[in-house]
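Student: Take a look at the following structure, please.
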Amino acid sequence: MQVGPSGSGKSTIIRLLFRLFDVTDGRILFDGQDVRDVQMRSLRKHIGIVPQDTVLFNETIRYNIRFGNPSAGEEEIRNAARAAEIHQRIISLPDGNGGEKQRVAIARTVLKQPQFILLDEATSALDTATERAIQKCLTSISESRTSVVVAHRLSTIVNADKILVLDHDTMNCWNCADDTVLCGRLRVRKHINSNQIMCI
């Protein structure tokens, strides 16, 4: 998890991790390997991303979910839809609201079962009850995987192993296993409540 004020570069970090563009200084490593040394197709095969602004194809919901794993069977697609809380919901494309689109993107990621998960405000367009249900799913699929989460709500970061704070030109890290994280979480809560800081 990372936190920082709006415009501090949280979404840029997601784009760099997904290699939408490359770093000009330094390196980004996945499992000790520089991402620039990995073929783009191979890298993206192992990353599941739920972006802020999900783009859907002008196709069926099934097609859009299956895009995460084209070889998935019908039951796998249904299970992914259930996990994302959209199985019972009828979504009309392309007029679905942001929350519905985010659920489709979450279902894609569930279906893909990637090694790395990037969530950029993945639950921001959802109501609190739906977010709570989906958060359980996201916690489950994030187990044994590296996850980077940009979030607006404190509830999204409570299970984080680390919280990185971006503040102007500095980055601080709180290890959530330490006792000192309580102080850090209180500071994070203060900043979120005052809308000065968003979470990754």
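The values are calculated or read from the model by the stated rules, or taken from the named source; none is laboratory data. Model, not experiment: these values are computed from the prediction. Using ideal geometry, Cβ is built from the backbone for each residue, glycine included, and neighbour counts are taken over all protein chains shown.
Student: Among the numbered conditions (1) surrounded by 15 or more Cβ atoms within 10 Å (Cβ to Cβ); (2) within 16 Å of ALA105 (Cβ to Cβ); (3) under 17 Å from the mean Cα position of the chain (by Cα), tell me where VAL55 comes up short.
Tutor: Only one criterion in (1) surrounded by 15 or more Cβ atoms within 10 Å (Cβ to Cβ); (2) within 16 Å of ALA105 (Cβ to Cβ); (3) under 17 Å from the mean Cα position of the chain (by Cα) is unmet by VAL55, namely (1).
Student: Out of ARG36, ARG62, ARG27, I need the residue that is farther than 16 Å from GLN113 by Cα, free of Cβ contacts under 8 Å to residues at least 24 places away in the same chain, in contact with a helix residue (DSSP H, G or I) (Cβ under 9 Å, 6 or more places away or on another chain) and in a helix (DSSP H, G or I). Which one?
Tutor: Within the list ARG36, ARG62, ARG27, the selection yields ARG62.
Student: Could you list, in sequence order, the residues of region 98-118 that are closer than 13 Å to ALA72 by Cβ and among the polar types (S, T, N, Q)?
Tutor: Selection gives THR109, GLN113.
Student: Give, as residue ranges, the strands (runs of 3 or more DSSP E) completely inside region 78-190 that count at least 3 residues that are within 18 Å of the chain's Cα centre (by Cα), modelled with pLDDT under 80 and farther than 16 Å from ARG62 by Cβ.
Tutor: 162-167
Student: Just checking, does region 2-20 include any residue being among the hydroxyl-bearing types (Ser, Thr, Tyr) and at pLDDT 90 or above?
Tutor: Among the residues of region 2-20, not one is among the hydroxyl-bearing types (Ser, Thr, Tyr) and at pLDDT 90 or above, which makes the answer no.
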